[in-house]
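Report on one structure; see the data block that follows.
The values are calculated or read from the model by the stated rules, or taken from the named source; none is laboratory data. These figures come from a predicted structure and were not determined experimentally. Virtual Cβ from ideal backbone geometry, glycine too; neighbours counted across all protein chains shown. Only protein heavy atoms, including side chains, enter the accessible area calculation; ligands, DNA and RNA are left aside. Shrake-Rupley method; radii C 1.70, N 1.55, O 1.52, S 1.80 Å.
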Amino acid sequence: MEERANLMNMMKLSIKILIQSALSLGRTLDSDFPPLQQFFVVLEHCLKHGLKVKKSFIGQNKSFFGPLELVEKLCPEASDIATSVKNLPELKTAVGRGRAWLYLALMQKKLADYLKVLLDHKHLLSEFYEPDALMMEEEGAVIVGLLVGLNVIDANLCLKGEDLDSQVGVIDFSLYLKETQDSDGKQDGGITAVLDQKHYVEELNRHLSCTVADLQNKIDCLEKTNSKLQEELAAATDRIGSLQEEQQQLKQQNELIRERSEKSVEVTKEDTKVELDTYKQSRQGLDEMYSDVWKQLKEEKKIRLELEKELELQIGMKTEMEIAMKLLEKDTHEKQDTLVALRQQLEEVKAINLQMFHKSQNAECSLQEKTEAISSFEGKTNEMMSSMKQMEKRLQQAEKARQAAEERCNKMKQELAGKLNSCRQQMAQLDSKCSTLEKELKSEKEQRQTLQKELHQEKDATTLLKTELQQMEGLKKELRKLQDEKQELKKVREEQEQALQEMGLHLSQSKLKMEDIKEVNKALKGHTWLKDDEATHCKQCKKEFSISRR
């Protein structure tokens, strides 16, 4: 109850300060604005309150990004935020993703709407939060109502370049003290609020001390493993020494074996000389045999070539005969088709003549014209009849030629049958030789395929190297641009330092006036103002003072 009340008070104060400061600055805020940073820290503490701890092999995981991921399922409008958070390569932890999600939701002015959707589905939140958590109680709904007021603010937050994973969430109470002092002199109320926060900070310190103890245990384990590794290293060095001694012994044995082998080599050389003499004598006889066999092989090759030529000639004759037969059959079919067509034309002419005869009886006026047409048609029929007789004569001649060709073909078939049998025997011998050649061809093809694969791989490697070269050239150009920008920024910095030195002279005059004001402030507040020589660094951020930072 106390933790929830403390977080509620902190959230009210942070939202109030944020809205007031934003209205004074024109409602547009950057990520470097201190009240905005404090608001996110307080909101993160609120979302972490009462989170269930998830145990894994690595350790305990306690992240508020888990419940925020549910918004994408409950509200489809939040899918853009989820995808943009997942696509950020800089974020490696769930805490960093949760902070990025909050930044984007505030920029969209829908942070209150998304958290309201979560609170409406508390049965889903119960998987992540304890029953007494802030988000499960009424305080969660009050915080959502307070967040609606932030829609007045325009936030321009840049996520690139910021290390959201390792940001430390520290609450700056000085902002809240200033707010309480400025609001109608209610300083006592601010002090009580700070005292209320004391218990919460103490609990945070306890959690931190637990994590420190866990880390110390891990360090002890690592030290033990280190000592074990050192012992193993010493044992390994001993082994290396023993192995070196064994190596020397083996070298001595190797020299003895070498001397024995040289003696045996001399004996074998004498034996080989005797064997060489016998080999030369046998070699002469084999050479004579080889020359005889080679002459026989050449003669057989000549005979084989002549037989192959005869076979090719016979195959060519056979194909020519088959082609001639096919051409004759085509001619006969074409002539029969023309005869059928001519007979049909004759029948059509006869039908036309009958029609003309009937029409001549009915129409006497057109008799002369029709008689002329009949005479022309009769001339055509006579021509057709003469062509029919010529075609019949050609048909008879073609049939005679076909019969003669068939007789020749039969004779040629008988002659070819005898030659084919002899050729088949020769072909069987040739097939056996071809099979051996085919095996050799297959082996050569396989070698060729392997070489082609290696060639493709090398081509792929060259393309990859070319792309990397192009990328390197682009990176070099970018580096040159950055170096030019760096030089320009150096010039600007030098000019600014010169301006600051000039401003230092003016400030020395204004310091005299400030000392008078400080004495008045001492009388009013009772605080002591340190001298410039004594104040060497900032007591809040621990940064050292310089000409520009004071």
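Couple of notes before you dig in:
- Counting only protein heavy atoms and using a 1.4 Å probe, the accessible area of Asp80 comes to about 100 Å².
- Inter-site label distance for His121 and Thr338 at 7 Å from Cα along Cβ, in nm: 9.1 nm
- With the simple model of a label 7 Å out from the Cα in the direction of the Cβ, Arg394 to Gln540 spans 11.8 nm.
- For the set Phe40, Phe357, solvent exposure ranked by accessible area (probe 1.4 Å, protein chains only) runs largest to smallest as Phe357, Phe40.
- Ranked by the mean number of other Cβ atoms within 10 Å of their residues, highest first, the peptides 247-260, 390-403 come out as 390-403, 247-260.
- The stretch between Arg258 and Met384, if pulled fully straight at 0.36 nm per residue, gains 34.1 nm over its current Cα-Cα span.
- When each of the peptides 313-323, 88-98, 64-74 is scored by how many other beta carbons lie within 10 Å of its residues on average, the order from highest to lowest is 64-74, 88-98, 313-323.
- Convex hull volume per residue for segment 218-270, taking Cα atoms only, in Å³: 61 Å³
- With R₀ set to 41 Å, the beta-carbon distance separating Met107 from Glu473 gives a calculated FRET efficiency near 0.65.
- Computed E for Asn9/Thr237 - FRET, C-beta separation, R0 60 angstrom, nearest 0.05: 0.35
- 1.4 Å probe accessible area per residue over segment 461-550, in Å²: 100 Å²
- Three-way shape label, segment 1-143, alpha-carbon gyration tensor, a/c 1.5: oblate
- At R0 = 22 Å, FRET efficiency that the Cβ-Cβ distance of Lys302 and Lys419 yields, to 0.05: 0.70
- Per residue, the accessible area of segment 58-136 comes to 50 Å² when a 1.4 Å probe rolls over the protein heavy atoms.
- A simple spin-label model places pseudo-atoms 7 Å from Cα toward Cβ; at Ala404 and Gln247 they are separated by 10.1 nm.
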